[in-house]
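Enquirer: Dropping the structure in here first, questions after.
The values are calculated or read from the model by the stated rules, or taken from the named source; none is laboratory data. Nothing here was measured: the structure is a model prediction, and the numbers come from that model. Here the Cβ positions follow ideal geometry from the backbone for every residue, glycine too, while neighbour counts run over all protein chains shown.
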Amino acid sequence: MAWNFGVSHSFYDIEVLKYPQGNLITKSVIIDANQITLNTDRNQRTVVPAGTIMRTSSGNAKQVMPYNGTGTIVGVLARSVDILTNATNGVEPGAVFFHEAIFATNAIVGFTAYSTTLASALTTCKFE
């Protein structure tokens with residue numbers, strides 16, 4: 001073990017909601033890390049950012065992965081998630097907003113491309 005050596009990383013979470021809500025409704029999800037491309041630089045982290053539209057995983061219906069234009073949207077990622085490994089059975093816990101949220105559209109990853117599909121999938125949410 002090397003002495004006097006340290007590594008630190010930081011990132012800033014973005015707020016995906018336009019207005020704070022008293023009774024936030026979130027759904028716990030399991031992110032399928034097998035479907036995430038890891039950063040090839042070993043000194044860099046792989047992060048799925050808050051505001052990423054999530055869909056049901058193609059590999060496991062009980063898990064989710066970032067939306068790419070196909071699949072069933074389950075919600076918008078509430079907080080950024082570090083992906084530590086994408087080995088077989090690699091998973092990470094997360095949370096999504098899916099009901100009665102008022103989203104800041106500029107904070108949603110890919111909103112311009114998927115706005116219509118997202119609005120039709122999350123019918124109780126607003127996008128401002």
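Enquirer: Take the stretch 59-76 and flag every residue that is β-branched (Val, Ile, Thr) and touching a residue at least 24 places away in the same chain (Cβ under 8 Å).
Expert: Keep residues of the stretch 59-76 that are β-branched (Val, Ile, Thr), which gives 64, 70, 72-74, 76.
Listed by number, the residues that qualify are VAL64, THR72, ILE73, VAL74, VAL76.
Enquirer: Right, next: For the stretch 15-37, give me the residue count where each residue is in a loop (DSSP other than H, G, I, E, B) and surrounded by fewer than 16 Cβ atoms within 10 Å (Cβ to Cβ). Spell out how you get there, then give the answer.
Expert: Quick first cut of the stretch 15-37, residues in a loop (DSSP other than H, G, I, E, B) only: 15-16, 18-25, 36-37.
Next, only the ones that are surrounded by fewer than 16 Cβ atoms within 10 Å (Cβ to Cβ) stay: 15, 19-25, 37.
Adding up the residues that qualify gives 9.
Enquirer: Check whether at least one residue in the stretch 103-126 is touching a Cys at 6+ places or on another chain (Cβ under 7 Å) and at pLDDT below 95, and report yes or no. Steps first, please.
Expert: Residues of the stretch 103-126 touching a Cys at 6+ places or on another chain (Cβ under 7 Å): 103.
Still in the running and at pLDDT below 95: 103.
Yes: the stretch 103-126 contains one or more residues that are touching a Cys at 6+ places or on another chain (Cβ under 7 Å) and at pLDDT below 95.
Enquirer: If I filter the stretch 103-119 for residues that are in a strand (DSSP E or B) and over 10 Å from the mean Cα position of the chain (by Cα), do I get at least one hit? Spell out the reasoning first.
Expert: Here is the first cut: in the stretch 103-119, the ones in a strand (DSSP E or B) are 103, 109.
If we keep only those that are over 10 Å from the mean Cα position of the chain (by Cα) too, we end up with 103.
Looking for residues that are in a strand (DSSP E or B) and over 10 Å from the mean Cα position of the chain (by Cα), one finds at least one in the stretch 103-119, hence yes.
Enquirer: Let me ask something else. Taking the stretch 47-58, which residues are out of contact with any helix residue (DSSP H, G or I) (no Cβ under 8 Å at 6 or more places or on another chain) and either more than 21 Å from GLY110 (Cα to Cα) or touching a residue at least 40 places away in the same chain (Cβ under 8 Å) (or both)?
Expert: Step one: of the stretch 47-58, the residues out of contact with any helix residue (DSSP H, G or I) (no Cβ under 8 Å at 6 or more places or on another chain) are 47-49, 52, 54-56.
Listed by number, the residues that qualify are VAL48, PRO49, THR52, MET54.
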